[in-house]
Amino acid sequence: MVDNIRRESPDAVMTTGQTKTYTSLIMHGQDRNIHGKVFGGYLMREAFDISYLTVLKKSLGISPELLRVD
């Protein structure tokens with residue numbers, strides 16, 4: 001199927017390098033646990049948010065739907 005898309009319209013396929021989005025986070029004391037480390041759930045939420053925004057930006061405004069998280 002990907003081969004058919006590439007033959008029909010080369011602009012429909014994006015490389016990984018074309019989907020990069022960067023963010024900076026300022027961590028505060030309430031974002032860490034008793035061991036002085038950042039909460040894993042907090043990092044996963046931030047990763048989800050940045051990935052959602054990247055897909056939204058590249059999909060021309062069509063809202064993505066999360067199917068599952070492994």
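The values are calculated or read from the model by the stated rules, or taken from the named source; none is laboratory data. The shown structure was predicted, so the numbers you read here are calculated from the model rather than taken from an experiment. We place every Cβ from the backbone using ideal geometry, glycine too, and count neighbours over all the protein chains shown. In case anyone asks, the SASA skips ligands and DNA or RNA and just uses the protein heavy atoms, side chains included. Shrake-Rupley method; radii C 1.70, N 1.55, O 1.52, S 1.80 Å.
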Item to complete: Would you tally the residues in the range 15-70 being outside any loop (DSSP other than H, G, I, E, B) and either within 12 Å of the chain's Cα centre (by Cα) or of a type outside the set (S, T, N, Q) (or both)?
Response: 26
Worksheet item: Taking I50, is it touching a helix residue (DSSP H, G or I) at 6+ places or on another chain (Cβ under 9 Å) and not basic (K, R)?
Response: no
Worksheet item: Restricting the first residue to the range 26-47 and requiring it to be under 29 Å from R68 (Cβ atoms), which pairs with a second residue that is open to solvent by 90 Å² or more (accessible area, probe 1.4 Å) and in a strand (DSSP E or B) meet a Cβ separation below 6 Å and a spacing of at least six or different chains?
Response: V38/R32
Worksheet item: Yes or no: L56 among the hydrophobic types (A, V, I, L, M, F, W, C) and modelled with pLDDT under 80?
Response: no
